[in-house]
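J.: Pasting a structure here, questions to come.
The values are calculated or read from the model by the stated rules, or taken from the named source; none is laboratory data. All values derive from a computational prediction rather than experimental measurement. For neighbour counting, all protein chains shown are included, and Cβ atoms are generated from backbone atoms with ideal geometry for every residue, glycine included.
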Amino acid sequence: MSKRKRDISRRQFLEGTGVVLAVATAGPALKGQLSTASPPEADSAVSGVPTTTVRLVVNGTEHRVDVEDRWTLAELLRDHLGLTGTKIGCDRGECGACTVLLDGKPVYSCSNLAVWADGRKVQTVEGLAQGEHLDPLQQAFVEHDGPQCGFCTSGQLMSAKGLLSRNPHPTAHEVRAAMTGNICRCSNYNRYVEAVMAATGSASTAKRGSSRSTASAEPGAGGAR
Amino acid sequence: MKTFANKNPRTLEQAVSLVQQANKDGKTASIVGGGSDLLGLVKEFIVKPDVLVNLKAIRGLDQVTPAAGGVNIGGLITLDALGSHPLIRNQYTVLAEAAEAVATPQIRNVGTLAGNVCQRPWCWYFRNGFPCLKNGGTTCFSIVGDNRFHAIFGGGPSYIVHPSDTAPALVVLDAKFRVMGPAGERVVPAAEFFILPQQDAARENILAADEVLAGVQLAPARPGRRSTYNKVLDREAWTHAIVSAAVVLDMDKDVCQRASLVLGGVAPIPWRLPNVERLLAGQRITPELAAKAGEVAIEGAQKLSKNAYKVPMTKALVQRTLLALATRA
Amino acid sequence: MSQPPPVTPGKTIGHSTPRIDAVERVTGKATYSGDVHLTGMLYARVLRSPHAHARIRQIDVSKALALPGVKAALTHENCTVVWGAGSVAGGRQYVDEVKKTTRQKRYVFNNPVRFVGEPVAAVAATNRHIAEEALRLITVDYETLPFVLDQEEALRPESVKIWPEGNISLNVKNEAEPEVFRRGNVEEGLRTADHVFEDRYTTTYVHNAQMEPRVCVASWEGDKLTLYTPTQGTSNCRHDMARDLGIPDEKVRVITQYMGGGFGNKNQNQDADLITAVLAKEVGAPVKLELSRKEDFIGVHGRWPTTQYYKVGVSRDGVLQALQLRGYSGMGPYRKNSGAIGGIELYQCPNVESTVYPVSTNRAVSGNYRAPEFPQGFFGIESMMDDIAYKMKMDPVEFVVKNMTRKSNDETPYSNYTLEDCIRRGAEAFEWKKRWHPPGADPGAIKRGSGMSFMALRSPLGQSSAVLRLDSNGRYTVFVGVTDIGAGAKTTMSMIAAEELGVPLSNIDIVWGDTDRCPFSVGESGSRTTDMTGYAVIEAARDLKRQITEKGLPKGENALIASASPNPTSDGKVRKAFGAHFVEVEVDAELGRVRVLKYVAVHDSGRILNPLTATSQIKGGATQGIGMALHEDLVYDRRSGQPLTAGYYGARIMTHLDAPEIEVIFIESDDGYGPFGAKCIGEAGIVHAVAAVGNAVFNAIGHRMKDLPITRDKILGALA
């Protein structure tokens, strides 16, 4: 695949459009270090509900948080640590959109309680890039049209990351098997496999893109512009 | 979710007494392994715990330990660790393959052996909160309802099928189940661990509310043993078995000295096939004998209105799995 | 007849271009509606009917309101908002006037309730867990009523009347009449045909199952409402909200920056938006409503199930003489969309009659899902024709080429015509002659088979808008009301602008998905955004270039602004995209398992503006089609009217291991219309995929599977 330069960098894009991103107007800042504060009022633990203090490392940063025992890890990440990159697609462990790495292994963050992450390391999609440098997987996803609607993409990335840390040169079948716990309804599966194979530098047996030709002469054909 | 308190016991004994304490206080306690299945039930308000007793906090319950030629497996071992463990892969292949057949990597990374064995049914009436025999009620809705995934053996009054992949593998290996309760530890043979609805329709196994499956003991693998787990899913990945077969053959060159077969997906308990085992003992497994084994396997099957297809499926699965296992290099 | 000039890439269009927002999506920075977090935000939850059909005798929310943290509760007693888009006579969502005259109105909270999952109450509380607990404190006294689930059964005299008018869903004139189309004299055609074939085909309710569940955040500032909601059409959502709440359009702002798919169930406004808006007004604070996956499955909508009866008359040399369809579409109790059954238009035939009954049932509501009326109908009719080809001992490809449409309605020319091209190219690439064999020919348990299907899909032109601004720094900003549901609209619009303006893509910025900042957009549905909004972008660019010529480039603080709202036509010709799919499957006849081994998809979608994203659309659509053919259903328990498989697991949505490699071949053309000759593509991949898979299964096992989905139990049942 020819390396077509990305014409618009992420920062340029955000500045250029001037679009208001209404994310976490009351929540903690997204970039760099994260505070331990939860957004005020609405999301504080309510009295009478059992809570526990947990310590966990998320994307390299240690947090000490009071969590309600019933909060899922997904909820803790999204609503209380401002890490909304992890998505909730079903909240039942049936789709994989919420996949994060827990001590390096892909898990459904919706099906694990926050209290059970005490003393453990979590990596989310926000922790893949190093500053402005995308992880090779992210770069490959961009180039191979990984995200269509993008909602499953974070989970797909984390499963792929988990796979490559165990098996740096998987076959296409191994990629599918490792990522089969991540549903993509846009059904962009071919592209994800292509992207992961490209990220590993492996020769891919998966077909790239499409082939094109011009229609042959037929009645009623309009002229080209 | 409903409010509950998570408790992290340090030992199994502590876990048991936490359950007892909760019951004394008039509260409901749920024992948690990996938690994936339980949380799903809690979110649907099918299980309503006040207390979660989190076994993950207990160290040392997840080990594979050789013992007396065989092996002890801690109940808290994850399915991923179990499936990739070299000793299990080599000597108890059926169990490794069964562990690998469960769900997806994300579930196998936290799901435990004990959790998988004790998993509640995936009958869609139960999971959708119908007031059935498993849910405090007095009827089984599958009988006159949509029973395409329900039992063809051993059913009645409930027709659920046991949802576990590892359970048939453990039964075919004649595993012993180590149960920890208020009176300490006891050992239950696989054949007695799972119970038919006739015996108690509300439960799938003999565990009382204050008991924990601490682990399993497997006898030494005999020389010449080969085993496999073969599962028919309802898409290419990530469903419970429509039908599955756990098979162990003790071969002496090309003669099968002893065969063990247990089916999943067909009955409320892992379903042993003693008639097939008798048929195969001491025989060469030819295509004709494998075909006969398939026919014997389905003798006595009782079809419901929509699950007749499970019968030819079972026959074919037994035949194929046997032949492939027997003739494999 | 001369060879048309080859379609060659432009400077920007025609080149594979990564999405301009791909970095946001792969770094977790893209803000979806559920990621929005406002100060003081409350959380809402909805209580839903556990009964398929019931009258609410009494509802008591007092205990819920007494729970600490609960701030408001709504029921049919204190909220009488009508959801105009929730039920529209004839399913005519895009004709605003009809919403005023629709007789069978759908309130946000109805009494009686008419399907399991119908909203009964909603609460707002300080967190989602309290809101959930509050629901369990609401007591409702129901009087259960008889219910009916099946679309044919609902028309029997003994079935319960869901509406006073009966169970034929009312048409645009509020009449209980089927939709009828005729050409020639079908009775005569059947009478005089050499052979007449009859058969029945059924398709199931298939949910859109988009990854992002329905969610909404509503916030009022004085009398202005801001809604963060995933909608495919910000303009129509805004207008629907304004009408339903009785406020002017300009008092509603709809913002959709990123959305996680929809495939047709995120258009207009949804009741979730209304519930959230009303609660937010009640409590005087922002409110977020999150639907669970189960609620999304049964509370939004999915593809209508159908029963199709065909009678086909054929001459002895295999030419169609008469084609009759009697069809029934299960719409649920509220009519959201058309309920049509497409497919008749695929064939050339002098005598045609299609009679389709949209029927009210007590199931989850049906509505648009990717090419709403086509996969169902194409499966039915192309299976029927494939079967006729078999019975007449003809190669399916030859039967198709003999009988496929060559003019729209057999009379109006297409703007261009490449259907035979698509079929021949596909047959060649697939090696059809090598792979196709007499049905059921493979002797063993593992049987291979090949099937094909074709399509002609509407690719209309119509009105949309775009605004373009040039600043003195040389940067162009495109303002379009798209929301980029997943097809890459932002990227496509930017590429179109760059091409027409003659500047690099890097000079283009885009403002989207905000009704306060963007002009009207037709809404990302019906594969219209590229054709309609894209065309508007070109017109705006042309206007801008004229202004530059007249006034020179802007300097200092000045900007040049151009806007366009064109409504082009195709000069009386009918524009369609064409395609053909060729599929090889392997069926395990003993275990009932079907696997797709090879899939070739050939498409003429005009000029391909961005090959990268266009290919992904075809792959995605085809894969969804495989899922519809082999797996997906929303199973109901007949006795209780309860849905049993409302979720990703139960509905058996395809996984990585289910998805085969889809080879995509584009045959490009430029018919002189649309933006640079582009035709519809978003829906093109799915419409005939289901039929191709069904035909391949027939070829493998020699039994025609007439009832979707083709699951293991059905295969084994057919072969028993």
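J.: Checking C:Ala691 against (1) part of a loop (DSSP other than H, G, I, E, B); (2) under 26 Å from the mean Cα position of the chain (by Cα): exactly one of these is not met. Which one?
T.: Just one mismatch for C:Ala691, condition (1).
J.: Here's a check for you: in the stretch A:80-114, which residue that is of a type in the set (Ser, Thr, Tyr) and at the interface with chain C (Cβ under 8 Å from one of its Cβ atoms) is farthest from the chain's Cα centre (by Cα)? Break it down into steps so the answer makes sense when it comes.
T.: Step one: list which residues in the stretch A:80-114 are of a type in the set (Ser, Thr, Tyr), which gives A:84, A:86, A:99, A:108-109, A:111.
When the remaining residues are screened for being at the interface with chain C (Cβ under 8 Å from one of its Cβ atoms), the result is A:84, A:86.
Numbers: A:Thr84: 10, A:Thr86: 6 Å.
The qualifying residue farthest from the chain's Cα centre (by Cα) is A:Thr84.
J.: Return the only residue of A:Gln139, A:Gln130 being more than 24 Å from B:Asn109 (Cα to Cα), surrounded by fewer than 23 Cβ atoms within 10 Å (Cβ to Cβ) and without any contact (Cβ under 8 Å) to a residue 40 or more places away in the chain.
T.: Among A:Gln139, A:Gln130, only A:Gln130 is more than 24 Å from B:Asn109 (Cα to Cα), surrounded by fewer than 23 Cβ atoms within 10 Å (Cβ to Cβ) and without any contact (Cβ under 8 Å) to a residue 40 or more places away in the chain.
J.: Of a type in the set (Val, Ile, Thr), touching a residue at least 24 places away in the same chain (Cβ under 8 Å) and on the phi < 0 side of the Ramachandran plot: does that describe C:Thr533? Talk me through it step by step, then tell me what you get.
T.: Working: of a type in the set (Val, Ile, Thr): yes; touching a residue at least 24 places away in the same chain (Cβ under 8 Å): yes; on the phi < 0 side of the Ramachandran plot: yes.
The answer is yes for C:Thr533.
J.: Please work out if B:Ser30 is assigned to a helix (DSSP H, G or I), polar (S, T, N, Q) and more than 11 Å from every other protein chain (Cβ to nearest Cβ).
T.: no
J.: Tell me, which helices (runs of 4 or more DSSP H) wholly within the stretch B:261-329 include 3 or more residues that are within 12 Å of another protein chain (Cβ to nearest Cβ) and surrounded by 17 or more Cβ atoms within 10 Å (Cβ to Cβ)? I'd like the intermediate steps shown before the answer.
T.: On the way: elements: B:274-280, B:287-297, B:310-327.
Correct list: B:310-327.
J.: Now, a different point. Does C:Lys336 meet the test of being more than 30 Å from C:Val511 (Cβ to Cβ) and at pLDDT 95 or above?
T.: Yes, satisfied.
J.: Let me ask something else about it. Just to be sure before I move on: is C:Phe454 buried (at least 16 other Cβ atoms within 10 Å of the Cβ) and either out of contact with any strand residue (DSSP E or B) (no Cβ under 6 Å at 6 or more places or on another chain) or acidic (Asp, Glu) (or both) in the structure I sent? Show your work before the answer.
T.: Working: buried (at least 16 other Cβ atoms within 10 Å of the Cβ): yes; either out of contact with any strand residue (DSSP E or B) (no Cβ under 6 Å at 6 or more places or on another chain) or acidic (Asp, Glu) (or both): no.
Criteria not met by C:Phe454.
J.: Quick one: which helices (runs of 4 or more DSSP H) sit completely within the stretch C:174-287 and have at least 2 residues that are closer than 30 Å to C:Asp21 by Cα? Let's see the steps before the verdict.
T.: Working: elements: C:186-192, C:234-245, C:271-283.
Qualifying helices (runs of 4 or more DSSP H): C:234-245, C:271-283.
J.: Additional query: For the stretch C:315-329, how many residues meet the condition of being more than 16 Å from the chain's Cα centre (by Cα), in a strand (DSSP E or B) and either of a type in the set (Gly, Ala, Ser) or under 22 Å from C:Glu683 (Cα atoms) (or both)?
T.: Going through the stretch C:315-329 one residue at a time, the tally reaches 2.
J.: Can you give me the number of residues within the stretch C:235-256 that are modelled with pLDDT under 95 and either under 14 Å from C:Asp514 (Cβ atoms) or among the aliphatic types (A, V, I, L, M) (or both)? Break it down into steps so the answer makes sense when it comes.
T.: Taking the stretch C:235-256 as the starting set, the residues that turn out to be modelled with pLDDT under 95 are C:235-236.
Those left that are additionally either under 14 Å from C:Asp514 (Cβ atoms) or among the aliphatic types (A, V, I, L, M) (or both): C:235.
Qualifying residue count for the region: 1.
J.: Could you run through the stretch A:145-202 and say how many residues are in a helix (DSSP H, G or I), charged (D, E, K, R) and either over 15 Å from the mean Cα position of the chain (by Cα) or more than 14 Å from chain B (Cβ to nearest Cβ) (or both)?
T.: 5
J.: Tell me which helices (runs of 4 or more DSSP H) are completely within the stretch C:338-441 and hold 2 or more residues being over 26 Å from A:Ser210 (Cα atoms), or say none if there are none.
T.: Because the criterion is at least 2 residues that are over 26 Å from A:Ser210 (Cα atoms), the helices (runs of 4 or more DSSP H) in the stretch C:338-441 that meet it are C:374-391, C:396-403.
J.: I've got another one for you. Would the stretch B:175-182 turn up any residue that is surrounded by fewer than 16 Cβ atoms within 10 Å (Cβ to Cβ) and under 19 Å from B:Val19 (Cβ atoms)?
T.: Looking through the stretch B:175-182, at least one residue is surrounded by fewer than 16 Cβ atoms within 10 Å (Cβ to Cβ) and under 19 Å from B:Val19 (Cβ atoms).
J.: Here is a check on your reading of the model: is C:Asp21 free of Cβ contacts under 8 Å to residues at least 12 places away in the same chain and either closer than 29 Å to C:Thr491 by Cα or more than 7 Å from chain A (Cβ to nearest Cβ) (or both)?
T.: So C:Asp21 does not fit the description; no.
J.: Looking at this structure, is A:Ala45 assigned to a loop (DSSP other than H, G, I, E, B), modelled with pLDDT under 50 and either touching a Phe, Trp or Tyr at 6+ places or on another chain (Cβ under 9 Å) or under 25 Å from B:Val53 (Cβ atoms) (or both)?
T.: yes
J.: If we keep just the residues of the stretch A:115-144 that are part of a helix (DSSP H, G or I) and more than 13 Å from chain C (Cβ to nearest Cβ), which is nearest to A:Pro168 (Cα to Cα)?
T.: Top of the filtered list is A:Ala117.
J.: Among the residues of the stretch C:619-628, is any crowded, with 24+ Cβ neighbours inside 10 Å, more than 30 Å from C:Ile496 (Cβ to Cβ), more than 8 Å from every other protein chain (Cβ to nearest Cβ) and at pLDDT 95 or above?
T.: yes
J.: Tell me which of these C:Asp296 doesn't satisfy, since it passes every other one: (1) charged (D, E, K, R); (2) in a helix (DSSP H, G or I); (3) within 14 Å of chain A (Cβ to nearest Cβ); (4) more than 26 Å from C:His76 (Cβ to Cβ).
T.: C:Asp296 satisfies all of (1) charged (D, E, K, R); (2) in a helix (DSSP H, G or I); (3) within 14 Å of chain A (Cβ to nearest Cβ); (4) more than 26 Å from C:His76 (Cβ to Cβ) except (4).
J.: A follow-up question, please. Go through the stretch C:640-672 and report how many residues are in a loop (DSSP other than H, G, I, E, B), in contact (Cβ under 8 Å) with a residue 60 or more places away in the chain and facing another protein chain (nearest Cβ under 7 Å).
T.: The initial filter retains those residues of the stretch C:640-672 that are in a loop (DSSP other than H, G, I, E, B), namely C:640-641, C:644-655, C:659-662, C:669-672.
The next check asks that each one be in contact (Cβ under 8 Å) with a residue 60 or more places away in the chain; those that pass are C:640-641, C:646-648, C:651, C:653, C:660-662, C:669-672.
Then keep just the ones that are facing another protein chain (nearest Cβ under 7 Å); that gives C:647-648, C:653, C:661-662, C:669-672.
Residues that pass the stated criteria total 9.
J.: As an exercise: evaluate C:Arg425 against (1) in contact (Cβ under 8 Å) with a residue 60 or more places away in the chain; (2) of a type in the set (Lys, Arg); (3) surrounded by fewer than 21 Cβ atoms within 10 Å (Cβ to Cβ) and give the number of the one condition it does not meet.
T.: (3)
J.: So how many residues does the stretch C:676-693 have that are over 14 Å from C:Ile626 (Cα atoms) and facing chain A (nearest Cβ under 10 Å)?
T.: Number satisfying all stated conditions: 2.
J.: Considering C:Ser521, C:Ser570, C:Ser506, which residue is free of Cβ contacts under 8 Å to residues at least 12 places away in the same chain and either crowded, with 17+ Cβ neighbours inside 10 Å or assigned to a loop (DSSP other than H, G, I, E, B) (or both)?
T.: Working: C:Ser521 fails: free of Cβ contacts under 8 Å to residues at least 12 places away in the same chain; C:Ser570 fails: free of Cβ contacts under 8 Å to residues at least 12 places away in the same chain.
Testing whether each residue is free of Cβ contacts under 8 Å to residues at least 12 places away in the same chain and either crowded, with 17+ Cβ neighbours inside 10 Å or assigned to a loop (DSSP other than H, G, I, E, B) (or both) leaves just C:Ser506.
J.: Identify the residue in the stretch C:548-567 that is in contact (Cβ under 8 Å) with a residue 60 or more places away in the chain and among the polar types (S, T, N, Q) and, among all such residues, is surrounded by the most Cβ atoms within 10 Å (Cβ to Cβ). Steps first, please.
T.: So the first thing to find is which residues in the stretch C:548-567 are in contact (Cβ under 8 Å) with a residue 60 or more places away in the chain, and the list is C:548, C:553-567.
Filter once more, keeping what is among the polar types (S, T, N, Q): C:558, C:563, C:565, C:567.
Values: C:Asn558: 11, C:Ser563: 16, C:Ser565: 14, C:Asn567: 11.
Restricting to residues being in contact (Cβ under 8 Å) with a residue 60 or more places away in the chain and among the polar types (S, T, N, Q), the top hit is C:Ser563.
J.: Might you let me know whether the stretch A:111-124 holds any residue that is over 19 Å from B:Gly35 (Cβ atoms), out of contact with any strand residue (DSSP E or B) (no Cβ under 7 Å at 6 or more places or on another chain) and not basic (Lys, Arg)?
T.: no
J.: Here is a follow-up. Being within 15 Å of C:Ser235 (Cα to Cα) and within 10 Å of another protein chain (Cβ to nearest Cβ) is the filter; apply it to the stretch C:487-515 and report the residue that is nearest to the chain's Cα centre (by Cα).
T.: Among them, the one singled out is C:Gly513.
J.: Further question on the same structure: Inside the stretch C:410-429, can you point out the residues that are of a type outside the set (Gly, Ala, Ser) and more than 8 Å from chain A (Cβ to nearest Cβ)?
T.: Result: C:Asp410, C:Glu411, C:Thr412, C:Leu419, C:Cys422, C:Ile423, C:Arg424, C:Glu428.
J.: Give the number of residues within the stretch A:50-79 that are within 12 Å of chain C (Cβ to nearest Cβ) and either without any contact (Cβ under 8 Å) to a residue 12 or more places away in the chain or within 18 Å of the chain's Cα centre (by Cα) (or both).
T.: 7
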